[in-house]
Amino acid sequence: MHRKGFTLLEIIVAVAIIGLVSAIVIPNLMRRAPSYERQEAIANLNALTQLAWQNALIEDKIHKIKFNFKTGQVFLEIATGEYEKEEQIFKPLERMHISTEFTWPEHLEIRQFIVEKFDEMARFIGKRTETVWFFIMPDGLAQDVIINFVDTKDQLPDGRARPIGLVLNPFNVQFKEYDTFQK
């Protein structure tokens, strides 16, 4: 006589195997999550710089990639051709089908924002600057930019937050990621 179904021992072994596999896989997935968020932020930044680069060539106008540290927003602006107190006026670039802004994750703490060899984060000694930007010119070139930040969700074996350096290639207007701060 054959019975259909599982014995109690077979169910216990199956649950134990599922528990063992979960104990191995879930921590590995949790450990990878910060790098995925970091990669997404870098991809968003590269997409925004590419849009600025292409639009600067088409419109023949200066474009600005602006970081607002208070709100965490990164957005794209275009020169209006107008001036106020001898400074160029910029307005947000509006594209219905393409996002021209994104939110920089809080756990990616920017420590240095170097534009043309000058650390814009250190400009205001004693207090943190609220906004920093860099330009993409109508001829397709960008300013030299280095962004050094730490990923506080991604810890090194010694417990420190992972340092990341982003360097903007001024010719193809794309950031390259390094696992150390850059100068």
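The values are calculated or read from the model by the stated rules, or taken from the named source; none is laboratory data. Computed from a predicted model, the values in this text were never measured in an experiment. Cβ sites come from the backbone with ideal geometry, for glycine too, and all protein chains shown count toward neighbours.
Before moving on, here are some points about what is shown:
- The combined condition, being closer than 22 Å to PRO170 by Cα, assigned to a strand (DSSP E or B), out of contact with any helix residue (DSSP H, G or I) (no Cβ under 8 Å at 6 or more places or on another chain) and not charged (D, E, K, R), is not fulfilled by ILE58.
- The single condition among (1) among the β-branched types (Val, Ile, Thr); (2) part of a strand (DSSP E or B); (3) in contact with an Asp or Glu (Cβ under 9 Å, 6 or more places away or on another chain) that THR129 does not satisfy is (2).
- Selection of segment 79-99 for residues being buried (at least 18 other Cβ atoms within 10 Å of the Cβ) and part of a loop (DSSP other than H, G, I, E, B) yields only LEU93.
- Here GLU177 clears all of (1) of a type in the set (D, E, K, R); (2) without any contact (Cβ under 8 Å) to a residue 60 or more places away in the chain; (3) within 25 Å of GLN50 (Cβ to Cβ); (4) surrounded by fewer than 18 Cβ atoms within 10 Å (Cβ to Cβ) except the condition numbered (2).
- Tabulated pairs, segment 157-171, first small (Gly, Ala, Ser) and at pLDDT 95 or above, second surrounded by 13 or more Cβ atoms within 10 Å (Cβ to Cβ) and in a loop (DSSP other than H, G, I, E, B), C-beta under 6 angstrom, 6+ apart or interchain: GLY165/PHE181; GLY165/GLN182
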